[in-house]
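The values are calculated or read from the model by the stated rules, or taken from the named source; none is laboratory data. Since we're looking at a predicted model, the values are computed, not measured. Positions of Cβ are generated from backbone atoms using ideal geometry, with glycine treated the same way; all protein chains shown enter the neighbour counts. When the accessible area is computed, the model is the full protein with side chains, heavy atoms only, and any ligands, DNA or RNA have been set aside. Shrake-Rupley method; radii C 1.70, N 1.55, O 1.52, S 1.80 Å.
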Amino acid sequence: MAKNALKTGLVTIVGCVVALFVVLSMISSNQAGRERQKQAAIQELDRKNVEELPAQEAGVASKEDRAKQVERDLDADKAIANLGSSDREVLNEAIQKIQSYRACKAVPELMHLLTESHDDYIAGMSAQTIAMCEDRSAYDTIVDQFLRRNAEPSMIFAVGETGTSDERVFQKLDKLVSEPNPEYEEVPQLARRMKEQLEMQAPKKSH
């Protein structure tokens with residue numbers, strides 16, 4: 001009887017050892033599985049980083065950002081195409097979009113509006129956008145149109161950005177400073193500021 005009890009005890013011990021071994025194996029297997037998943041996730045992240053590194057270096061951080069940039073470019077191209085419209089509101093919206101996107105490839109079309117439009121407001125907006133693009137080859141044309149046209153605020157801003165030393169520009173700015181403008185109350189103040197800006201760029205001249 002004692003022999004049977006000993007045998008039963010040994011069987012129980014062996015069974016416990018086997019069960020413990022199975023449990024430890026399962027734990028180890030789960031840990032290994034989690035580790036493999038972790039390594040796979042790290043490798044996938046590294047792969048994405050390598051793929052997107054050229055875009056990051058170019059200033060575009062992700063595929064989503066690149067998609068947004070493409071959308072902005074298409075919107076800017078549409079705005080440039082709309083510069084051929086005869087509708088004043090369409091032109092105004094298009095020029096404002098071009099300004100916000102700094103779509104300076106529109107300068108040739110804006111130059112056409114600056115010189116050919118009969119609308120002083122549209123011409124002034126075009127001049128302002130060209131000045132924002134710092135296209136110095138157009139500065140003489142901006143000065144010429146400023147002298148020819150009614151002084152819209154945007155045109156005054158544009159001529160102030162050219163850095164011109166043309167005496168006629170200073171004379172017209174003086175006139176705009178001294179005369180009230182019933183259509184644009186800000187004109188005298190803007191004309192004074194642009195005159196001061198031009199004088200700072202040419203301090204030896206007195207006007």
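Rounded to the nearest 10 Å², what accessible area does Tyr101 show when all protein chains are kept and the probe is 1.4 Å? Accessible area of Tyr101: about 80 Å². Here r is the Cβ-Cβ distance between Lys78 and Glu186 and R0 is 25 Å; the resulting FRET efficiency, rounded to 0.05, is 0.20. Net charge within 10 Å of Thr115 by Cβ-Cβ distance, Lys/Arg positive one each and Asp/Glu negative one each, not counting Thr115 itself? Its environment carries a net charge of -1.
About its Cα centre, what dipole magnitude does the stretch 66-108 give when the only charges are +1 on Lys and Arg Cβ and -1 on Asp and Glu Cβ, stated in debye to the nearest 20? All intermediate terms of the calculation are to be shown ahead of the outcome.
Values: 8 positive and 7 negative charges, 49 e Å.
Here the stretch 66-108 has a charge dipole of around 240 debye.
In order along the stretch 159-175, phi translates into HN-Hα couplings of 5, x, 7, 6, x, 5, 10, 4, 4, 5, 5, 5, 5, 5, 4, 4, 5 Hz, rounded to whole numbers, per the Karplus curve 6.51 cos²θ - 1.76 cosθ + 1.60 with θ = phi - 60° and x for Gly and Pro.
Report the local net charge at Cys104: Lys and Arg +1, Asp and Glu -1, summed over other residues whose C-beta lies under 12 Å from its C-beta.
Details: positive: Arg102, Lys105; negative: Glu109, Glu134, Asp135.
Around Cys104, the surrounding residues sum to -1.
Report relative contact order for the stretch 75-165 in percent, whole number only (criteria: Cα-Cα under 8 Å, sequence separation at least 6). RCO, the stretch 75-165: 24 percent.
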